[in-house]
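For reference, the structure is listed below as structure tokens.
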Amino acid sequence: MDRGQERTPLRHRARYLFDRTLARSTGTLLGWLAVCCLTVVVPVSALLVWTDPDAPHSFSGRLAQVWRTSAETLRLGAVTGAPARMLLSVLLGLIALLCVSTVVGVVTTGLGEQLTELRRGRSRVLERDHDVVVGWNDQTVTVIRELIAGRAGGGRHVITVLADRDPAQTGMALTDALGVTEGVRLVCRSGTLTDPDDLALVTPAAARAVVVLPAADADGDLTTVRTLLALRALPADGPGPRVVAAVHDGRYLPAARLAAGPRGTVLETDRTAARLLVQSARRPGMPSVLRDLLDFSGAEFHVTDVPEAVGLSFEEVALRLDTSCAVGLLRNGRPLLTPAPRTVLEQGDRLVTVAHDDRPAPLLDRRAPVDMMAGAPPGPVPEPPSRLLLLGWNRRAPMIVDTLCRTVRPGSSLDVVTDPGTDLELALARQESPGPAADAPALAVTHHTRDLAAPEALHGLELSVYDSVIALGTDHGPAPAGSDAPTLLALLTLRSWEERTGRVLPVVAEMHDRRSGRVAPLGHASDVVVRGELTALVMAQIAHAPELAAVFEEIFTERGGALALRTADHYVTPGREAAFATVVAAALERGECAIGYHAHLPRAARRYGAVRLAPGKSERRVWHAEDEVLVLTAGPGRPGGTGPEPRVLPGPGPQRSEPGGPGEAAGLR
């Protein structure tokens with residue numbers, strides 16, 4: 001039989017006829033529904049009647065019983081008698097069914113619309129003294145967790161999150177990450193971050209603090225600026241809330257600060273991350289120290305009023321604080337960190353301390369005893385030229401080179417290994433032109449091009465000559481975890497080299513996702529820096545205590561590497577028992593403020609663990625040369641200010657330039 005004459009199966013034609021019939025109208029659908037119901041109800045009712053021993057014996061009586069059972073089942077009435085009466089009963093039943101169905105439909109539709117509106121997060125939040133988080137990125141959970149910890153035990157606490165995403169998903173993500181938060185209510189709303197009407201949903205004018213998080217996309221900084229402008233456009237009673245925001249690119253920092261207004265604080269995430277990576281490379285163990293210092297789980301920075309300290313010298317106050325460590329003053333709103341020991345506190349000065357709570361620090365009647373015989377004599381801190389290895393390239397890499405150039409000792413070198421498609425010289429040349437060339441550059445940069453995903457990427461490099469390694473992630477990827485894949489591959493190669501040679505190589509790796517840090521193959525002296533985590537912690541600290549904004553600006557921006565880990569033999573004689581007050585006094589003689597220490601544990605699996613912050617001044621212990629003291633230094637990481645600009649030297653691979661030629665690296669700012 002010809003293919004065109006093949007007969008369609010009966011079941012296919014019946015299915016097509018049924019589908020076409022249902023598609024005609026609502027009345028047709030109701031007719032089919034009635035037919036289906038009668039097809040089931042009438043036979044079952046007849047079966048019930050014929051199997052009932054008490055049913056009428058006559059056929060007509062049984063038919064009447066079948067009618068009553070079917071009518072009661074379908075709610076059509078149970079009137080018997082003349083056919084006209086039965087039809088009127090059916091009509092009344094249908095009208096009643098129509099009315100009830102209409103009422104149920106109206107109520108269901110109204111409730112559904114209200115539930116949909118609630119799920120959209122479009123109702124206004126009527127709260128006061130709450131915290132508002134605007135935006136969603138991979139550090140939102142960190143900020144909210146710290147906001148909760150900062151106000152723990154302070155009574156009822158409401159945190160409102162406004163994001164351009166489904167509020168139900170936002171709430172589930174926060175609940176999964178934070179768990180049960182007693183005394184804290186999380187309210188999620190959805191809206192456009194740059195629309196003043198949507199921002200008004202979270203009532204920012206009545207909030208205690210507003211935290212604006214930068215988006216991860218290319219226009220995230222522009223969105224932050226527009227969001228800050230939208231916040232200022234909202235009417236406010238009084239000065240308004242404290243606003244804390246962040247941008248990725250420093251080019252948008254002036255505009256963001258203008259948009260934030262006088263009560264706003266804007267941080268730069270990329271430059272902060274670059275400085276943290278440099279600090280961690282030159283002083284291994286710094287990431288864990290900064291996490292301990294900036295979260296609310298232990299000791300952190302505080303600004304307190306100590307009226308009884310007026311007229312005393314800073315050294316006297318520092319040694320009379322037993323459970324907190326003084327690091328400076330707030331004088332007329334401006335920070336004066338690591339002041340001279342003889343600086344006298346004046347009326348109105350506020351004390352900047354590192355303590356375990358924000359209550360006013362009580363002064364002891366007398367200063368803690370200092371063992372002068374155990375103190376080490378003051379002397380310069382030796383810091384020889386360093387040689388570092390930079391794996392990978394992203395938008396923070398030029399900032400890392402710039403920071404190294406300004407802080408390392410003359411004669412230091414940096415080897416940069418990137419994928420073949422990276423134009424290192426072009427990236428450096430786009431920066432601002434340097435001043436007069438120096439005869440002896442502080443940092444010599446050599447560029448190597450390798451396939452970083454290949455196991456042999458580091459072959460030909462003598463890893464044993466490097467003091468530390470910085471491994472950078474890419475700025476692009478399908479997901480945060482996916483963008484960490486090249487960094488994890490580099491860590492595997494470095495870890496394999498450590499196990500093969502038995503040597504320890506300090507490595508600091510930049511990660512997008514905290515979960516990547518949990519699976520990273522870290523060596524004995526390696527650590528992970530999660531991108532944006534430090535900025536998130538600082539933002540939560542400023543939202544909790546706005547007066548700390550000037551302190552953090554001084555520590556992380558003006559001074560750069562102001563926090564340092566130095567071996568204990570700079571302050572006390574190794575092998576001697578002495579109180580922590582002896583370390584504090586020795587640090588003050590060097591223009592530094594000691595705020596904690598890290599005990600050396602020779603059998604520990606990891607060399608760098610938690611640092612003990614703000615120990616008691618009278619706490620005594622035997623100090624070893626391997627112990628490390630955390631200090632706030634008197635200035636930039638390298639005495640003498642900024643150093644000469646880097647010079648790119650020739651190395652293996654393409655994209656080379658001779659020293660002093662057209663491809664010479666320009667100064668980075």
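In table form, for the structure just shown:
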read-out	value
Filter result for residue 494 (part of a helix (DSSP H, G or I) and buried (at least 20 other Cβ atoms within 10 Å of the Cβ))	yes
Residues of the range 173-204 classified as under 20 Å from residue 540 (Cα atoms), surrounded by fewer than 20 Cβ atoms within 10 Å (Cβ to Cβ) and not hydrophobic (A, V, I, L, M, F, W, C), total	7
Flag for residue 197 being closer than 30 Å to residue 394 by Cα and of a type in the set (Asp, Glu)	no
Of the criteria (1) part of a helix (DSSP H, G or I); (2) in contact with a strand residue (DSSP E or B) (Cβ under 7 Å, 6 or more places away or on another chain); (3) buried (at least 17 other Cβ atoms within 10 Å of the Cβ), which one residue 291 fails	(2)
Subset tally (residues that are buried (at least 19 other Cβ atoms within 10 Å of the Cβ) and in a helix (DSSP H, G or I)) for the range 205-219	0
Strands (runs of 3 or more DSSP E) lying entirely in the range 584-659 (those with 3 or more residues that are buried (at least 20 other Cβ atoms within 10 Å of the Cβ) and at pLDDT 50 or above)	593-598, 628-632
Residue check, residue 235 outside any loop (DSSP other than H, G, I, E, B) and over 18 Å from residue 537 (Cα atoms)	no
Qualifying residues in the range 257-312 (those that are under 30 Å from residue 194 (Cα atoms) and of a type in the set (Val, Ile, Thr)) - the one farthest from the chain's Cα centre (by Cα)	265
Within the range 138-204, helices (runs of 4 or more DSSP H) holding 2 or more residues that are β-branched (Val, Ile, Thr), out of contact with any Phe, Trp or Tyr (no Cβ under 8 Å at 6 or more places or on another chain) and in contact (Cβ under 8 Å) with a residue 24 or more places away in the chain	140-150
Tally, over the range 373-398, of residues that are part of a helix (DSSP H, G or I) and more than 25 Å from the chain's Cα centre (by Cα)	0
Single residue of 320, 291, 271 found to be within 29 Å of residue 471 (Cα to Cα) and either in contact with a Gly (Cβ under 6 Å, 6 or more places away or on another chain) or at pLDDT 90 or above (or both)	271
Among the residues listed as 565, 548, 588, 505, the single one being touching a residue at least 12 places away in the same chain (Cβ under 8 Å) and closer than 16 Å to residue 288 by Cβ	565
Among (1) more than 23 Å from residue 579 (Cα to Cα); (2) in contact with a His (Cβ under 8 Å, 6 or more places away or on another chain), the one test that residue 290 misses	(2)
Residue match in the range 239-255 (condition: more than 23 Å from the chain's Cα centre (by Cα), at pLDDT below 85 and surrounded by fewer than 22 Cβ atoms within 10 Å (Cβ to Cβ))	yes
Residue within the range 479-486 that is at pLDDT 80 or above and assigned to a helix (DSSP H, G or I) present	yes
Count of residues meeting criterion [farther than 9 Å from residue 345 by Cβ and out of contact with any strand residue (DSSP E or B) (no Cβ under 8 Å at 6 or more places or on another chain)] in the range 298-315	2
Of all residues making up the range 519-534, the number that are farther than 14 Å from residue 492 by Cα and out of contact with any Asp or Glu (no Cβ under 8 Å at 6 or more places or on another chain)	3
Residues of the range 250-274 satisfying the condition of being more than 25 Å from residue 528 (Cα to Cα), in a helix (DSSP H, G or I) and not hydrophobic (A, V, I, L, M, F, W, C)	251, 252, 254, 257
Which listed residue is over 25 Å from residue 493 (Cβ atoms), of a type in the set (Val, Ile, Thr) and not in a strand (DSSP E or B), from 370, 352, 327, 401	370
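Yes/no per residue for (1) surrounded by fewer than 10 Cβ atoms within 10 Å (Cβ to Cβ); (2) under 60 Å from the mean Cα position of the chain (by Cα); (3) modelled with pLDDT of 75 or more:
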residue	(1), (2), (3)
5	yes, no, no
26	yes, yes, no
34	no, yes, no
38	no, no, no
60	yes, no, yes
90	no, no, no
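The values are calculated or read from the model by the stated rules, or taken from the named source; none is laboratory data. Owing to the predicted nature of the structure, the values given are computational and were not obtained by experimental measurement. Every residue, glycine as well, gets a Cβ built from its backbone with ideal geometry; the counts of neighbours run over all protein chains shown.
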